[in-house]
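The values are calculated or read from the model by the stated rules, or taken from the named source; none is laboratory data. These numbers were taken from a predicted model, which means no experiment stands behind them. Ideal geometry is used to build each Cβ from the backbone, glycine not excepted, and the neighbour counts take in all protein chains shown.
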Amino acid sequence: MRTTEQQPIDVREIRRKLGLNQSQFWSKIGVTQSGGSRYESGRNIPRPVQALLRLVHIEQIDITKVKKEDFDVAEYLKASNPELYKSLKKEARTSSKKKKIA
């Protein structure tokens, strides 16, 4: 897997650090165990799967709880009040970093 900066990420290592077997790890993003195994063996990972990997296993977002209306609200705020959107985004990042440290 590659990040947006094109630095390789070892998906197998992420899975192992999380203590998950292939089935547990890949099923959280809708990929079969055999498909995940192919990705871990070097097959190119499609961008949508890379995005889901980042959201679920790196950012620790429970995608089963995300709703379309959440995206609608964020897009509305971004378009109607970009400064407030930027400020809230910055505060959320700071809050998230503090939680990870604690």
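Here are a few things to note about the model shown:
- Looking at segment 43-102, the helices (runs of 4 or more DSSP H) lying wholly inside it that each contain 1 or more residues that are free of Cβ contacts under 8 Å to residues at least 24 places away in the same chain and acidic (Asp, Glu) sit at 68-80, 82-101.
- Total residues in segment 31-42, condition at pLDDT 95 or above and in a loop (DSSP other than H, G, I, E, B): 2
- Among the residues of segment 47-55, not a single one is modelled with pLDDT of 90 or more, exposed (fewer than 12 other Cβ atoms within 10 Å of the Cβ) and more than 20 Å from the chain's Cα centre (by Cα).
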